[in-house]
Amino acid sequence: MTLSLRILRFFLASGFALAVAGLITVAAAYFYIEPQLPPIERLKEVQLQVPLRVYTSDGELIAEFGEQRRTPVRYAELPQIIIDAILATEDDRFFQHPGVDYQGLVRAVVELIRTGEKRQGGSTITMQVARNFFLSSEKTYLRKLTEIFLALKIERFLSKQEILELYLNKIYFGHRAYGIAAAAQVYYGVPIDELSVAQVAMIAGLPKAPSANNPVSNPTRALQRRSYVLRRMYELGAIDTVQYRDAMNEPDNASLHTQSIGVKAPYVAEMVRSHMLERFGDEAYSAGYKVVTTLDSARQRAANTALASALLDYDRRHGYRGVMKHVELAPDAGEEDFATLLKGYRPVGDLPAALVVEVQEQSARAWLNGGFIELDWEGLAWARRFESVNRRGPELKNAGEVLKRGDLIRVQAQADGRWRLAQVPQVAGALVSLRPQDGALQALSGGFDFYSSKFNRATQAQRQPGSSFKPFVYSAALARGYTLASLFNDAPVVFDDPSLETTWRPENYSGKFYGPTRMREALTRSRNLVSIRLVRAIGPRYAARYAQRFGFREEQIPKDLSLALGSGFATPLEMARAYSVWANGGFYVEPYFIQQIRDAHDEAIFNANPALACLECEERRKQEAETALATEIEAEIADEPQATPGEPLEAGTDDMGAGNDMELVAEPGPEPVYAERVVDAANVYLITSMLQDVVKRGTGRRAMALGRNDLAGKTGTTNDQRDAWFCGFNTALVTTVWVGFDRVQPLGNGETGSRAALPMWVDYMGKALQGVPESVLPQPPGLVTVRIDAKTGLRLPPGQAGGLFELFRPEHVPQRYSDTGSESRGSEANPDTSSEPLF
């Protein structure tokens with residue numbers, strides 16, 4: 001045997017031995033690892049981390065919560081160009097290999113032998129799925145073998161399409177984007193089917209190194225990676241020459257895009273987030289829940305606009321507090337310098353930051369968002385110097401008195417395209433709007449800018465309601481037998497009430513006194529002294545207990561005479577809930593804001609079933625109850641055994657004789673839930689009638705600008721104008737608005753509910769009630785109309801001219817006639833001449 005032959009045999013034997021040893025090693029590794037492999041069946045039911053999404057009732061996105069931004073897509077929804085790009089980049093033999101690309105593995109082994117280092121290589125898409133779903137990313141031989149065995153197992157269990165779908169929904173693309181759909185939205189702000197070839201290539205190049213190849217963080221490196229992906233796509237025939245050339249020349253416009261928010265409602269979104277976290281724990285952020293709120297998107301937009309407008313109007317009435325900051329600009333400073341100085345100043349509300357670059361006699365020029373804007377004199381003239389809530393500086397004569405080059409300011413865009421100098425309001429406000437039939441929240445704004453202050457004033461600010469609380473006191477008086485014509489003396493009074501600790505000298509807002517005043521007129525004009533005497537007449541403890549039926553808690557309501565002026569505490573949401581009782585005819589409804597919760601499979605796991613206020617249902621239920629009772633009585637009579645005279649009753653006769661003939665019927669659905677009546681219909685109608693007068697000719701008459709005849713409401717102003725309210729409604733919508741400072745302090749002279757708050761209500765309701773027909777509560781039975789003397793509240797004698805018509809319960813119609821020739825101003829219910837109030 002020659003030497004060469006012996007050498008050949010040696011190498012063959014050695015190769016065979018090594019192959020056998022390798023096979024034995026692989027087999028041993030398989031038998032060692034296989035029992036430890038996770039069950040692949042879990043991939044069929046994999047739960048990808050999908051963020052919590054919150055929507056309006058009409059399907060517009062409000063918010064998204066969760067660390068991972070992901071929108072799962074099905075394989076059938078993937079454009080072919082995306083599949084081609086990913087395969088060209090990550091695994092061009094994906095549809096040929098059995099889950100492991102042996103050619104790639106050989107290359108990785110050769111690289112290991114050549115360099116002595118373990119490097120990433122030879123990983124197929126299936127192996128990446130195995131690693132991403134089941135394994136860590138550590139680089140060890142054992143982990144690599146486990147990955148290979150898992151990949152082979154996955155390929156036997158799932159189709160190639162299912163594997164690719166899992167991969168493209170799971171993989172990380174940087175900037176919190178998980179999955180191909182999220183990447184398209186994050187970097188280009190479009191759905192996957194709207195991506196260009198160049199954009200697809202950019203995204204396809206990210207999974208290997210999401211940070212290093214990122215088009216936002218490292219655009220130069222990202223373009224190099226995009227070129228590589230495009231070249232691979234061209235070489236594999238995924239794109240033609242023209243597509244390749246055009247894509248290579250296309251500028252990249254990647255930037256970070258947030259999820260497209262349909263309507264701004266951050267305070268409601270936070271309410272939902274808090275509720276979901278309490279109910280589901282941390283899973284709320286990743287389990288793919290979709291929450292449909294009760295919000296109406298058009299009404300929410302109207303609420304945002306109305307609140308911002310009211311607070312900015314208040315701010316302008318009290319003067320300009322000065323620019324945010326001043327910087328010295330070099331004479332040759334250019335646009336890049338301007339942009340650098342503005343960097344980091346985010347918009348507050350709808351007020352972006354701007355840099356003043358030029359000031360003329362009665363105008364100014366500023367840099368904003370990559371362009372210049374002009375501020376004309378109309379947009380500047382309001383900015384007299386703020387000195388206090390009651391005093392401003394002199395009127396401006398030129399723009400230089402308020403601005404100079406280098407000032408950092410806030411500006412506000414006007415509807416006509418012009419710009420106005422602005423400032424972030426220090427005053428706060430809130431708006432809450434409910435559907436009175438079931439308490440569904442239609443709109444809510446808890447402040448000017450959620451990101452500056454997350455304190456939700458609509459639900460958390462406990463403030464004195466002032467005169468907006470008076471209708472509940474008047475309702476209590478009606479329940480005690482008083483009438484809209486009852487007289488109370490509007491005259492000075494001093495109380496030395498031990499419960500108030502000090503001597504109390506209340507007065508009307510005007511400082512005037514009007515003498516004997518009917519209840520209707522007193523509420524219409526918001527006469528404080530009448531309200532105090534009324535509470536003294538019915539008893540403050542009774543009034544406090546009565547108010548609880550509107551949802552107020554006992555601790556919110558004082559049990560002294562100050563209750564008459566709304567000295568308790570309530571949130572705007574609680575006031576809206578209470579006023580819903582007037583709007584719906586006397587029923588208590590609890591506000592709610594979540595209509596439905598759906599899981600990741602789009603199955604409803606919660607549907608709201610609120611109690612309904614229903615006048616017709618109440619009457620129908622009453623009739624049904626009477627009919628059922630009559631039927632039951634008739635059935636009992638019919639079921640009694642009857643014997644023929646002279647014949648005994650048969651033994652064993654009972655009401656179960658037909659038991660074997662029972663008819664099976666379908667189980668009925670859940671019965672509707674009806675709200676509890678807390679105030680009788682007549683009382684509600686009388687209060688509503690007075691509150692309509694408040695709008696037509698009282699402190700709320702600004703609301704007549706809406707041109708509707710179905711509106712009712714009440715202004716509220718607390719001592720020193722610390723709080724301004726308006727609570728108003730019709731049968732379709734209840735809305736409460738509030739304006740005040742977070743740290744309680746006066747709003748300034750004249751800043752009453754009518755001036756500071758009511759314009760917000762009018763602005764909102766004008767949009768919210770568009771297309772809603774006028775509707776008023778029907779007059780309930782049991783009320784009569786009687787002509788009375790406006791001065792005395794007594795009936796006018798037959799044939800007597802003049803007077804006015806008033807509503808009464810029949811049992812409370814005045815029995816006496818007015819003596820128009822006397823000076824008497826008394827009535828059958830004059831608390832000033834009565835003894836101690838009844839309880």
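The values are calculated or read from the model by the stated rules, or taken from the named source; none is laboratory data. Keep in mind the model is a prediction, meaning the values are calculated, not measured. Using ideal geometry, Cβ is built from the backbone for each residue, glycine included, and neighbour counts are taken over all protein chains shown. With ligands, DNA and RNA removed, areas are computed over all heavy atoms of the protein, side chains included. Shrake-Rupley method; radii C 1.70, N 1.55, O 1.52, S 1.80 Å.
Exactly one of (1) at pLDDT below 95; (2) in a helix (DSSP H, G or I); (3) of a type in the set (Lys, Arg) is unmet by ARG545. Its number?
Of (1) at pLDDT below 95; (2) in a helix (DSSP H, G or I); (3) of a type in the set (Lys, Arg), only one is false for ARG545: (1).
Does TRP382 qualify as being closer than 23 Å to PHE741 by Cβ, among the hydrophobic types (A, V, I, L, M, F, W, C), more than 30 Å from the chain's Cα centre (by Cα) and open to solvent by 20 Å² or more (accessible area, probe 1.4 Å)? Lay out the reasoning, then the answer.
Details: closer than 23 Å to PHE741 by Cβ: yes; among the hydrophobic types (A, V, I, L, M, F, W, C): yes; more than 30 Å from the chain's Cα centre (by Cα): yes; open to solvent by 20 Å² or more (accessible area, probe 1.4 Å): yes.
Considered against the rule, which asks whether it is closer than 23 Å to PHE741 by Cβ, among the hydrophobic types (A, V, I, L, M, F, W, C), more than 30 Å from the chain's Cα centre (by Cα) and open to solvent by 20 Å² or more (accessible area, probe 1.4 Å), TRP382 comes out as yes.
Would you mind stating whether PRO572 is in contact with a helix residue (DSSP H, G or I) (Cβ under 9 Å, 6 or more places away or on another chain) and surrounded by fewer than 22 Cβ atoms within 10 Å (Cβ to Cβ)? Spell out how you get there, then give the answer.
Values: in contact with a helix residue (DSSP H, G or I) (Cβ under 9 Å, 6 or more places away or on another chain): yes; surrounded by fewer than 22 Cβ atoms within 10 Å (Cβ to Cβ): no.
For PRO572, the condition - in contact with a helix residue (DSSP H, G or I) (Cβ under 9 Å, 6 or more places away or on another chain) and surrounded by fewer than 22 Cβ atoms within 10 Å (Cβ to Cβ) - is not met.
Output the qualifying pairs, or none if there are none: Cβ atoms under 8 angstrom, residues six or more apart or on different chains, first residue in segment 743-757 and on the phi > 0 side of the Ramachandran plot, second residue in a helix (DSSP H, G or I) and open to solvent by less than 20 Å² (accessible area, probe 1.4 Å).
Every condition considered, no pair remains.
Just to verify a result, which residue in segment 668-702, among those that are in contact with a Ser or Thr (Cβ under 8 Å, 6 or more places away or on another chain) and assigned to a loop (DSSP other than H, G, I, E, B), is most open to solvent (accessible area, probe 1.4 Å)?
Going through the qualifying residues, I end up with THR699.
So PRO780 clears everything in (1) in contact (Cβ under 8 Å) with a residue 60 or more places away in the chain; (2) assigned to a loop (DSSP other than H, G, I, E, B); (3) of a type outside the set (A, V, I, L, M); (4) farther than 24 Å from GLN548 by Cβ except one condition, right? Which one?
It fails just one condition, (4).
Out of LEU758, LEU733, which single residue is modelled with pLDDT of 95 or more and within 30 Å of LEU804 (Cα to Cα)?
None of the other options fit; the residue is LEU758.
Give me a count of the residues in segment 579-631 that are farther than 30 Å from GLN548 by Cβ and either at pLDDT below 85 or in a helix (DSSP H, G or I) (or both).
Number of matching residues: 8.
If THR785 satisfies every condition in (1) in contact with an Asp or Glu (Cβ under 8 Å, 6 or more places away or on another chain); (2) outside any strand (DSSP E or B); (3) open to solvent by 50 Å² or more (accessible area, probe 1.4 Å); (4) polar (S, T, N, Q) but one, which is the exception?
(2)
In segment 326-385, what residues are part of a helix (DSSP H, G or I), free of Cβ contacts under 8 Å to residues at least 40 places away in the same chain and either of a type in the set (Asp, Glu) or out of contact with any helix residue (DSSP H, G or I) (no Cβ under 8 Å at 6 or more places or on another chain) (or both)? Write out each step before concluding.
From segment 326-385, those part of a helix (DSSP H, G or I) are 335-342, 377-379; that's our starting set.
Then drop every residue that is not free of Cβ contacts under 8 Å to residues at least 40 places away in the same chain, which leaves 335-340, 377.
Within segment 326-385, GLU335, GLU336, ASP337, PHE338, ALA339, THR340 meet the criteria.
State which residue pairs qualify: first residue within 19 Å of PHE741 (Cβ to Cβ) and inside segment 407-428, second residue at pLDDT below 95 and open to solvent by 50 Å² or more (accessible area, probe 1.4 Å) in any location, beta carbons under 8 Å apart, and separation of 6 or more residues or different chains.
So the pair list comes out as VAL424/SER452.
Do the conditions hold for LYS696, that is, is it basic (Lys, Arg), over 24 Å from the mean Cα position of the chain (by Cα) and either at pLDDT below 95 or over 30 Å from ASN390 (Cβ atoms) (or both)? Spell out the reasoning first.
Numbers: basic (Lys, Arg): yes; over 24 Å from the mean Cα position of the chain (by Cα): yes; either at pLDDT below 95 or over 30 Å from ASN390 (Cβ atoms) (or both): yes.
Spelling it out, LYS696 is indeed basic (Lys, Arg), over 24 Å from the mean Cα position of the chain (by Cα) and either at pLDDT below 95 or over 30 Å from ASN390 (Cβ atoms) (or both).
Find all pairs meeting these conditions: Cβ atoms under 8 angstrom apart; at least six residues apart or on different chains; first residue within segment 392-404 and free of Cβ contacts under 8 Å to residues at least 60 places away in the same chain; second residue among the aromatic types (Phe, Trp, Tyr) and open to solvent by less than 100 Å² (accessible area, probe 1.4 Å).
ALA399/TRP377
Look at segment 521-551 and say how many of its residues are open to solvent by less than 10 Å² (accessible area, probe 1.4 Å) and within 29 Å of the chain's Cα centre (by Cα).
Total satisfying the criteria: 2.
Open to solvent by less than 10 Å² (accessible area, probe 1.4 Å), touching a strand residue (DSSP E or B) at 6+ places or on another chain (Cβ under 8 Å) and modelled with pLDDT of 95 or more - does that describe any residue in segment 490-502? Working first, answer last.
Let us first name the residues in segment 490-502 that are open to solvent by less than 10 Å² (accessible area, probe 1.4 Å), namely 490.
Those still in the list that are touching a strand residue (DSSP E or B) at 6+ places or on another chain (Cβ under 8 Å) too: 490.
Right, trim to modelled with pLDDT of 95 or more and you get none.
No: segment 490-502 contains no residue that is open to solvent by less than 10 Å² (accessible area, probe 1.4 Å), touching a strand residue (DSSP E or B) at 6+ places or on another chain (Cβ under 8 Å) and modelled with pLDDT of 95 or more.
Check whether at least one residue in segment 764-774 is open to solvent by less than 30 Å² (accessible area, probe 1.4 Å), under 28 Å from the mean Cα position of the chain (by Cα) and farther than 20 Å from ASP313 by Cα, and report yes or no.
Yes, that holds for at least one residue.
Looking at GLU111, GLU117, GLU67, GLU34 in this structure, which one is part of a loop (DSSP other than H, G, I, E, B), at pLDDT below 65 and surrounded by fewer than 18 Cβ atoms within 10 Å (Cβ to Cβ)?
On the way: GLU111 fails: part of a loop (DSSP other than H, G, I, E, B); GLU67 fails: at pLDDT below 65; GLU34 fails: part of a loop (DSSP other than H, G, I, E, B).
Exactly one of GLU111, GLU117, GLU67, GLU34 is part of a loop (DSSP other than H, G, I, E, B), at pLDDT below 65 and surrounded by fewer than 18 Cβ atoms within 10 Å (Cβ to Cβ), namely GLU117.
The conditions are (1) modelled with pLDDT under 95; (2) within 20 Å of the chain's Cα centre (by Cα); (3) open to solvent by 50 Å² or more (accessible area, probe 1.4 Å); (4) not charged (D, E, K, R), and GLY288 fails exactly one of them. Which is it?
(3)
Going through segment 691-724 one residue at a time, which ones are of a type in the set (A, V, I, L, M) and touching a strand residue (DSSP E or B) at 6+ places or on another chain (Cβ under 8 Å)?
Step one: filter segment 691-724 for residues of a type in the set (A, V, I, L, M), giving 691, 694-695, 703-706, 711-712, 724.
Those that are of a type in the set (A, V, I, L, M) and touching a strand residue (DSSP E or B) at 6+ places or on another chain (Cβ under 8 Å): LEU691, VAL694, VAL695, ALA703, LEU711, ALA712, ALA724.
Can you find even one residue in segment 240-253 that is under 14 Å from the mean Cα position of the chain (by Cα) and either on the phi > 0 side of the Ramachandran plot or crowded, with 18+ Cβ neighbours inside 10 Å (or both)? Full working, then the answer.
Initially, segment 240-253 is screened for residues under 14 Å from the mean Cα position of the chain (by Cα), giving none.
The answer is no; no qualifying residue exists.
Output the residue which, of all residues in segment 703-754 that are more than 23 Å from PHE472 (Cα to Cα) and among the basic types (Lys, Arg), is least open to solvent (accessible area, probe 1.4 Å).
The selected residue is ARG708.
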